[in-house]
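In what follows, a single structure is set out as structure tokens and then discussed.
The values are calculated or read from the model by the stated rules, or taken from the named source; none is laboratory data. Predicted, not measured: the structure shown is a model, and the values here were computed from it. Cβ coordinates were reconstructed from backbone atoms using ideal geometry, including for glycine residues, and neighbour counts include every protein chain displayed. Ligands, DNA and RNA are stripped out before the accessible areas are found, and what is left, the full protein with its side chains, is counted by its heavy atoms. Shrake-Rupley method; radii C 1.70, N 1.55, O 1.52, S 1.80 Å.
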Protein chains: 2
Amino acid sequence: MSHDVETTEVDRQPLARMDELVSLCARRGFVFPSSDIYGGINGFWDYGPLGVELKNNLKSLWWRRVVRERDDVEGLDSSIVAHPRTWEASGHVESFSDPMVDCRACKRRVRADQRDDAGPCPSREGTSEHDWTEPRDFDLMLRTQIGAAAEGALEAHLRPETCQSIFTDFKRVREAARQKIPFGIAQIGKAFRNEINPRHFTFRSREFEQAELEFFVRDAERASWFEYWLDERVRFHRDLGFGDESLRVREQDKDELAHYCNKAVDIEYRFPFGWQEIEGIHDRGAWDLSRHSEFSGKDLSVTDESTKERYLPAVIETSVGIDRTCLALLAHAYHEETLEGGEARTVLRLNPAVAPIKAAVLPLSKKLAEPAERIARELRREWNVFFDVAGNIGRRYRRQDEIGTPFCVTYDFDSEQDGRVTVRERDGMSQDRIAIAQVRSYLGERLESAF
Amino acid sequence: MSHDVETTEVDRQPLARMDELVSLCARRGFVFPSSDIYGGINGFWDYGPLGVELKNNLKSLWWRRVVRERDDVEGLDSSIVAHPRTWEASGHVESFSDPMVDCRACKRRVRADQRDDAGPCPSREGTSEHDWTEPRDFDLMLRTQIGAAAEGALEAHLRPETCQSIFTDFKRVREAARQKIPFGIAQIGKAFRNEINPRHFTFRSREFEQAELEFFVRDAERASWFEYWLDERVRFHRDLGFGDESLRVREQDKDELAHYCNKAVDIEYRFPFGWQEIEGIHDRGAWDLSRHSEFSGKDLSVTDESTKERYLPAVIETSVGIDRTCLALLAHAYHEETLEGGEARTVLRLNPAVAPIKAAVLPLSKKLAEPAERIARELRREWNVFFDVAGNIGRRYRRQDEIGTPFCVTYDFDSEQDGRVTVRERDGMSQDRIAIAQVRSYLGERLESAF
């Protein structure tokens with residue numbers, strides 16, 4: 001429920017680069033507006049053939065590190081629509097809203113704290129001042145109605161965050177998985193917020209994906225687990241390829257903290273439009289479990305093994321925006337270069353672990369298509385591999401550079417004789433001559449070590 | 001938009017088995033009701049730690065076969081909320097509804113065609129007959145409102161099927177991926193239907209996941225591509241492990257066909273509650289592209305390379321229910337056995353490719369935990385691996401059998417000396433003594449060949 005901090009650190013250069021990135025994303029099929037042929041729908045985006053691979057790669061790296069490689073974290077995949085009491089207990093019904101004002105003359109609606117920046121009213125020639133209403137709360141949750149009962153449908157909400165069902169399912173998951181404190185429950189899924197002003201491409205949208213971990217600990221161990229998870233999550237972003245110049249952690253001031261939060265540290269990425277949060281680490285205390293306990297009448301406490309006392313565990317949360325991190329990956333990777341000889345190239349220097357296509361197999365001539373395709377088919381059992389037979393080889397390299405493909409495997413007229421192909425690396429454009437039988441392990445080593 | 005065929009082929013035995021499966025799913029953390037601590041919400045389910053792995057495995061097998069291993073299919077991940085015109089063009093606003101009647105006396109609501117099965121009215125003692133209203137259309141789409149504009153929000157729907165955005169994004173994806181007819185666009189995602197009567201566990205729910213492929217072809221090639229994709233999809237289900245006795249294809253009669261459909265074949269699985277559709281193969285002709293062309297005013301046609309004429313491609317659709325297929329996998333795998341010696345065991349004979357946990361590493365004694373954990377850590381880089389140190393070994397095997405873990409790796413007191421462990425296979429309970437250094441490749445071969 002935190003609001004992102006706006007920053008003024010913006011110059012023209014990065015914003016122009018942002019425009020080029022948005023255009024590349026549409027042209028090559030990473031991300032584009034939903035329902036584009038109907039003029040789009042503000043705050044909703046579709047991931048195209050390359051975007052869905054990038055996003056899936058990021059999600060599975062998160063799942064691998066946070067869930068699969070650990071003994072002490074369990075996965076979950078809960079429904080987007082939950083029982084309405086969930087959002088009463090969580091505090092969202094009461095406080096997940098923004099105070100808004102309307103101009104009675106021109107009908108414009110803005111957030112109350114942005115009244116003074118709204119400019120003149122176009123409908124009041126005399127004064128040019130807006131005629132604002134009193135502030136009214138505007139609900140940020142999307143509503144829907146469920147059920148076919150004659151006596152009326154159930155009013156429900158689309159979840160504004162994925163974490164609440166982790167709390168409502170806490171007891172069941174703990175018992176099913178026979179976990180003891182400390183342990184965590186993690187999930188990836190869609191959430192919805194009726195943002196008043198969606199902006200910065202996919203950064204602030206109305207439908208988005210989160211990857212959240214709620215890690216349940218003893219109250220006395222909150223501080224040390226907070227540090228542990230902050231370190232872990234910073235390491236994750238560094239492993240994706242974000243360096244010191246583009247990543248920072250920022251502790252929220254007391255007056256920024258959401259009502260359920262004792263401490264919050266944002267992991268921020270330096271987007272072309274400024275420093276912005278991509279992940280938050282939160283000490284939520286026992287707020288959530290105590291509220292759901294109270295509202296459901298169910299005992300969610302656990303037994304302390306040594307003292308045999310019952311207690312409600314506290315929660316350290318790590319919450320990362322999948323769309324935001326994808327956008328950071330793309331913005332970070334985007335480079336325009338001038339090569340020796342003066343040719344320009346656009347290259348996405350994506351970490352190979354998240355690159356949509358791991359290798360392109362390119363026969364130098366159409367006559368060589370068949371043996372080259374055999375290599376592609378073999379590699380495709382393991383990775384997403386592109387096969388492209390048409391056009392001059394330089395142009396084909398450029399097309400792969402532009403979408404971040406880390407390796408191009410070229411089958412040429414010598415390959416039939418010497419049983420070797422040329423493997424070209426995207427960033428340095430160095431070329432290795434590799435035996436065909438070794439290509440799979442050559443790529444495997446380089447791809448596995450990438451994250 | 002098709003309605004599933006109800007069947008009377010139900011005897012007590014399989015339904016009792018179904019109850020046991022539902023109970024196992026809750027107890028071990030496969031699937032359980034959403035918002036359970038608030039009494040649940042009808043038609044919504046959460047996948048627990050084992051369920052989410054099963055579901056993700058199924059989705060990635062589908063993606064691998066339908067998208068990654070093919071040159072002619074592109075992936076997509078579009079938003080759940082689309083522009084409202086989408087559902088006008090698709091015909092859903094007009095016809096995605098069921099005619100319902102209400103009893104004025106007892107307020108009961110049923111589908112008009114099920115009036116006669118409603119039993120006596122509890123509120124009318126004299127006649128005991130219901131006092132039905134005229135049939136009224138009941139919208140099966142979930143609605144929501146988007147946006148903060150003062151002049152009113154945009155009325156939108158949660159998609160009732162994932163395929164429509166494939167049609168609205170058709171032109172953009174085709175151009176970005178430089179594909180030519182025939183080719184397909186595929187996506188996996190959530191969809192929502194306000195089912196009047198959710199039932200049969202996760203089989204008919206209000207929030208569910210689909211994996212859909214829309215394959216665009218010339219009109220003259222509709223019949224042959226229909227057969228091709230029907231064969232492909234049947235092969236997929238057979239590879240999952242469904243045999244002749246539990247899988248059948250059934251062509252829909254003309255009067256069952258949805259308005260957009262020229263031909264439809266259901267792939268049905270024999271659930272404990274009868275034969276039911278898990279996937280549909282549909283010849284949708286050019287209905288969808290022509291409607292979206294008409295409603296958007298955008299030209300969605302392509303050029304025939306030989307005649308240079310423009311035409312709208314036809315569509316062969318394959319649409320599989322992810323939740324239904326997960327349920328079929330669980331129902332199919334569930335077995336209760338009596339072992340030699342009289343001991344009972346419950347075993348999930350899941351295809352190892354979909355099993356939530358690929359291997360359990362079990363030290364015979366707590367003293368052996370450390371070297372065994374090293375093996376678990378090594379295997380975990382590749383697979384989901386469970387490590388369990390507590391309890392007698394027979395009971396630990398039973399717990400793994402019950403959740404379908406194909407292999408148990410036991411580290412015993414000889415292992416330190418001979419560098420070997422015992423690998424026990426779930427179904428036949430045979431045991432192999434394997435060198436520790438070979439465990440990874442031993443499991444790898446067996447897991448890779450499973451699908």
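Observations
- Crossing angle, helix B:369-380 versus chain B [Cα axis fit, 0-90 degrees, rounded to tens]: 30
- Long pairs among A:Lys55/B:Lys59; B:Lys180/B:Lys308; A:Lys59/B:Lys55; B:Lys171/B:Lys263, criterion Cα-Cα beyond 18 Å: B:Lys171/B:Lys263
- Listed residues B:Val389, B:Val421, B:Cys408: farthest to the positive end of the dipole of segment B:357-448 (Cβ charges): B:Val389
- Distances between equivalent label points of B:Gln438 across the copies, with each point positioned 7 Å along Cα→Cβ, amount to 2.8 nm, shortest listed first.
- Dipole magnitude of segment A:357-448 about its Cα centre (Cβ charges: Lys, Arg +1; Asp, Glu -1), debye to nearest 20: 260
- Length-normalised contact order for segment B:1-138 - Cα pairs under 8 Å, 6+ apart - percent: 14
- Inter-copy label distances at B:Arg104, shortest first and taken from points set 7 Å along Cα to Cβ: 4.6 nm.
- Tensor-based shape of chain A (alpha-carbon gyration tensor, a/c under 1.5 rounded, otherwise prolate or oblate): oblate
- Farthest toward positive dipole pole in segment B:1-148 [+1 Lys/Arg, -1 Asp/Glu at C-beta], among B:Ala89, B:Met141, B:His130: B:Met141
- Taking all protein chains as shown and a probe of 1.4 angstrom, A:Lys298 keeps an accessible surface of around 90 Å².
- Ranking A:Leu312, A:Ala437, A:Ile267 by Cα position along the charge dipole of the protein assembly as shown, where only Lys, Arg, Asp and Glu carry charges on their C-beta atoms, puts A:Ala437 farthest toward the positive end.
- Neighbourhood net charge (11 Å Cβ-Cβ; Lys/Arg +1, Asp/Glu -1) for A:Ile41: -1
- Charge dipole (debye, nearest 20) of segment A:161-299; +1 at Cβ of Lys and Arg, -1 at Cβ of Asp and Glu: 400
- Heavy-atom SASA rank of A:Glu245, B:Glu382 (probe 1.4 Å, accessible area, largest first): A:Glu245, B:Glu382
- Take every pair of alpha-carbon atoms less than 8 Å apart whose residues are at least six positions apart; their mean separation over the length of chain A yields a relative contact order of 14 percent.
- Charge dipole (debye, nearest 20) of the protein assembly as shown; +1 at Cβ of Lys and Arg, -1 at Cβ of Asp and Glu: 1180
- Ranked by solvent-accessible area (1.4 Å probe, protein heavy atoms only, all chains present), the residues B:His157, B:His259 order from largest to smallest as B:His259, B:His157.
- Rounded accessible area of A:Cys103 (nearest 10 Å², 1.4 Å probe): 0
- A:Ala286 sits among other residues whose Cβ lies under 11 Å from its own Cβ, and their net charge, with Lys and Arg +1 and Asp and Glu -1, is +1.
- Each other copy holds its own label point for B:Asn262; taking that point as 7 Å from Cα along Cα to Cβ, the gaps run 6.6 nm, nearest first.
- Counting Lys and Arg as +1 and Asp and Glu as -1 over every other residue whose Cβ lies under 12 Å from the Cβ of A:Asn351, the net charge comes to +3.
- The angle separating the long axis of helix B:287-296 from the principal Cα axis of greatest extent in chain B is about 60 degrees.
- Relative to the dominant Cα principal axis of chain B, helix B:393-402 is inclined by about 10°.
- Most to least accessible of B:Trp87, B:Trp225, A:Trp287 (protein chains only, probe 1.4 Å): A:Trp287, B:Trp225, B:Trp87
- Qualifying GluC sites (Glu not before Pro) for segment B:8-103 [loop in DSSP, other Cβ within 10 Å: at most 11]: B:Glu9
- In chain A, the beta-carbon sitting nearest the axis that superposes A on B belongs to the residue given here with its distance in angstrom, A:Thr144, 2.
- Inter-label distance, nm, simple model (7 Å from Cα along the C-beta direction), B:Glu294/B:Arg143: 2.4
- For the peptide A:43-55, the mean number of other protein chain Cβ atoms found within 10 angstrom of a residue's Cβ is 6.
- Estimated FRET transfer efficiency when R0 is 22 angstrom, pair B:Arg17-B:Arg238 (beta carbons, to 0.05): 0.45
- In percent, rounded to a whole number, the relative contact order of segment A:313-451 is 22, using alpha-carbon pairs under 8 Å and six or more apart.
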